[in-house]
1. Sum up the lysine pairs in the chain that clear both bars: alpha-carbon distance under 27 Å and a spacing of 8 or more or different chains.
2. In degrees, nearest 10, range 0 to 90: what is the angle between the Cα axis of helix 198-210 and the longest Cα principal axis of the chain?
3. Taking springs between alpha-carbon atoms closer than 10 angstrom, which of Val51, Val234, Val148 fluctuates most in the Gaussian network model of the chain?
4. So what's the angle, to the nearest 10 degrees on a 0 to 90 scale, between helix 104-114 and the longest Cα principal axis of the chain?
5. Mean-square fluctuation check for the chain, GNM, Cα pairs under 10 Å: which of Glu92, Glu127, Glu146 is largest?
6. Quick one: which of 184-191, 80-87 comes out on top by average Cβ neighbours within 10 Å, and what's the full order, highest first?
7. Given a 1.4 Å probe and every protein chain left where it sits, what share in percent of the accessible area of the chain is carbon and sulfur?
8. Please work out how much length the chain gains when fully extended from Glu92 to Arg150, using 0.36 nm per residue of separation minus the C-alpha to C-alpha distance, in nm with one decimal.
Amino acid sequence: MSIPQSNDSIADVVLHETQAIREQLLNHELYNAIQDSSDLQIFMQHHVFAVLDFMWLLKRLQKEICGCNVPWLPPREPQLTRFVNEIVLGEESDEDGEGNFSSHFNIYLSAMDDVLAPTTAIDNFVENLRGGQTVSVALKQAQIPETVKRFVSFNHELAVNGSASEVAAAFCFGREDIIPDMFQRLLSGFKSAGMTVPRLQHYIERHIELDGDHHGPLSHALVNRACGTSELSVQEAIIAAQNSITHRIALWDGVLDELQTF
């Protein structure tokens with residue numbers, strides 16, 4: 001495959017190559033399978049790990065684009081630097097809907113408390129990481145489904161060892177670009193089931209607002225920048241995007257399997 005000409009961005013090429021698997025994710029049965037609070041509890045116990053490892057990809061991009069080293073040097077691309085730092089600001093210290101500030105991760109934990117979803121597994125995982133355990137060891141000890149372990153392991157490996165093009169593509173097409181459509185389907189499913197979940201709804205609506213209106217388009221520019229003019233980087237980006245979406249489908253499959261056997 002050759003580098004696209006001026007009329008088509010690299011991000012457009014990656015989007016085209018991932019369209020089929022993207023539709024598979026957006027048409028997943030899970031969105032309409034969450035019918036009551038018990039179902040929601042199961043979903044959130046799986047999904048909270050994706051809320052956490054999102055930050056690992058973001059922090060890798062912050063290091064790549066913005067620079068987090070001493071001595072500091074001015075960033076080469078201020079627009080993308082602003083974009084990445086803007087996401088970090090929101091994810092780490094956004095308005096919580098109650099007049100305060102909180103990380104999106106902690107907002108999600110509060111939403112889990114609202115629906116009485118146990119947080120023991122994610123709490124223990126975070127504390128083990130704080131205590132110095134590696135992600136690999138902490139995952140082995142975690143009492144969580146294998147689909148969750150594989151999802152987190154994939155994203156950690158990518159954040160630590162992936163190329164800039166791979167991380168940017170996974171972040172864009174596995175997260176920022178697809179989250180608004182994916183979360184809108186979740187929200188519609190909750191409303192159809194008559195569930196009232198204020199803090200979770202705030203979390204979901206905030207992501208739809210931010211990612212759909214602003215972050216999604218700029219994440220395409222991030223992919224273009226990361227790939228540059230390298231055909232190898234474009235191929236890496238396509239594969240990383242496909243793998244990211246595939247792992248999300250597997251994560252949803254795991255939730256659905258548990259719902260159907262609950």
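The values are calculated or read from the model by the stated rules, or taken from the named source; none is laboratory data. In this text, all values refer to a predicted model and were calculated from it rather than measured experimentally. With ideal geometry, Cβ positions are generated from the backbone for all residues, glycine too; neighbour counts draw on all protein chains shown. SASA here: full protein model, heavy atoms, side chains in, ligands and nucleic acids out. Shrake-Rupley method; radii C 1.70, N 1.55, O 1.52, S 1.80 Å.
1. Working: Lys59/Lys140; Lys59/Lys149; Lys63/Lys149; Lys140/Lys149.
Within the chain, the lysine pair count is 4.
2. Around 10 degrees separate the two axes.
3. Taking springs between Cα atoms under 10 Å, the residue moving most is Val51.
4. Relative to the chain, helix 104-114 is tipped by roughly 10 degrees.
5. Maximum fluctuation in the GNM of the chain, among the listed residues, is at Glu127.
6. Working: 184-191: 16.9, 80-87: 18.8.
Ranking, from highest mean packing down: 80-87, 184-191.
7. Details: 6060 of 12440 Å².
Exposed carbon and sulfur together represent 49 percent of the surface.
8. Numbers: separation 58, 0.36 × 58 = 20.88 nm, distance 2.48 nm.
Between Glu92 and Arg150, full extension yields 18.4 nm more.
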